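What follows is a set of notes on a single structure, which appears directly below.
The values are calculated or read from the model by the stated rules, or taken from the named source; none is laboratory data. Because the structure is predicted, anything quoted here is derived from the model rather than measured. Note: ideal-geometry Cβ built from the backbone for every residue, glycine included; neighbour counts use all protein chains shown. Accessible surface areas use protein heavy atoms only, side chains included; no ligands, DNA or RNA. Shrake-Rupley method; radii C 1.70, N 1.55, O 1.52, S 1.80 Å.
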Amino acid sequence: MASVALSEAEKVYIVHGVQEDLRVDGRGCEDYRCVEVETDVVSNTSGSARVKLGHTDILVGVKAEMGTPKLERPNEGYLEFFVDCSANATPEFEGRGGDDLGTEIANTLYRIFNNKSSVDLKSLCISPREHCWVLYVDVLLLECGGNLFDAISIAVKAALFNTRIPRVRVLEDEEGSKDIELSDDPYDCIRLSVENVPCIVTLCKIGYRHVVDATLQEEACSLASLLVSVTSKGVVTCMRKVGKGSLDPESIFEMMETGKRMGKVLHTSLQSVLQKEESLGPKRQKVGFLG
């Protein structure tokens, strides 16, 4: 994880401010920074999205490829996650410096999506036990400015919303052999329902209070954080503690309630932005990496 060096005086200033519900950048404890979301930014993918949350910049690409269903789930497709921590994000990621963080993020995403209600994996099955769609979700960290997990979960949901999977038909001849026919119409695609895809809300414990969307400086003042995976209906699907410090049961309960409340707001805002962007159609002006 990208880190920043702070003096004791700076830490005391941040901690005391949080106790008064006033953070260094003027936000309250439950306020997010401005989030910029843009989909369809990478042309050679089935779906893509770029999310900027403060100084955190995330790019996600989804590639749909045909594969074989897993033995334990013969009627479903599946998702594979890969996280690349670019050395441009922070010098700490040079060489293999970002491998551990990339593995940690990928494992967290696997835990979140290891839930039948998150994505309808049966819709990815083409022919049971033989063919299915495999969605390779590639996450690239372009810049680290704190609150990585929240930004990544937003970007993954936006990229899955943008994903178009070609429609195929299974044809069986007289001998029983099966052929897969791809539709000639490039617009004849299936879309994934992302209504139940959860977003992560990270709550950092600073002093006696907790904050959402912490900056790098605030993360340096926090000894323990709670990652809460929340659906659009406010249902907690996964929870994970990060950091060396401890959390008492009362704090965990309060952080969960805050996570559920903020998660519902996050989902509502994201869904509104995605639908508004899609309604513009091909007329919308793409910003991409020029913004």
Quick check: Cα centre of region 159-223 to Cα centre of region 28-45, how many Å? 14
Range of Cα positions in region 1-114 per principal axis (Å), largest first: 57, 31, 30
Sorted list, accessible surface of protein heavy atoms, 1.4 Å probe, largest first, for Glu76, Glu8, Glu257 is Glu8, Glu257, Glu76
Most mobile listed residue (Gly26, Gly259, Gly77) in the chain, GNM with C-alpha springs under 10 Å: Gly26
What distance in nm separates the two pseudo spin-label positions at Arg129 and Asp188, each 7 Å out from Cα along the beta-carbon direction? 2.9
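Please report, as a whole percent, how much of the solvent-accessible surface of region 166-291 comes from carbon and sulfur atoms (probe radius 1.4 Å).
Details: 4050 of 7630 Å².
Summing carbon and sulfur atoms, their accessible area is 53 percent of the total for region 166-291.
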With no solvent and one equal point scatterer per Cα, compute the Debye intensity ratio I(q)/I(0) for region 147-275 at 0.10, 0.13, 0.21 Å⁻¹ and report its log10, rounded to two decimals. -0.46, -0.62, -1.15
Let me check I've understood the local charge: for Lys157, count other residues with C-beta under 12 angstrom from its C-beta, Lys and Arg +1, Asp and Glu -1. What total comes out? -2
Two decimals is fine: what's Rg over Rh for region 10-279, C-alpha atoms, Kirkwood radius as Rh? 1.02
Please give the per residue accessible area of the chain, computed with a probe of 1.4 Å over protein heavy atoms only, in Å². 53
Residue among Ser272, Ser177, Ser222 with the largest mean-square fluctuation in a Gaussian network model of the chain, springs linking Cα atoms under 10 Å: Ser177
The chain - mean residue ellipticity at 222 nm from DSSP helices (-39,500 (n - 2.57) per run, n ≥ 4, rounded to 500): -9000 deg cm²/dmol
Determine, for each peptide in 29-38, 42-51, the mean count of other beta carbons within 10 angstrom over its residues, then list the peptides with the highest first. 42-51, 29-38
Per-residue HN-Hα couplings for region 122-132 [Karplus 6.51, -1.76, 1.60; θ = phi - 60°; Hz; x = Gly/Pro]: 5, 5, 8, 7, 9, 9, x, 6, 10, 9, 8
Mind jotting down the three principal axis lengths of region 80-120 based on Cα atoms? Whole angstrom, largest first. 39, 14, 13
Roughly how many Å is it from the Cα centre of region 230-291 to that of region 83-157, as a whole number? 16
What residue among Asp213, Asp173, Asp248 has the largest mean-square fluctuation in a Gaussian network model of the chain, using Cα springs under 10 Å? Asp173
Counting Lys and Arg as +1 and Asp and Glu as -1, what is the net charge of the other residues whose Cβ lies under 14 Å from the Cβ of Thr39? +3
Which whole-number percentage describes the relative contact order of region 10-279, with Cα contacts under 8 Å and a sequence gap of 6 or more? 19
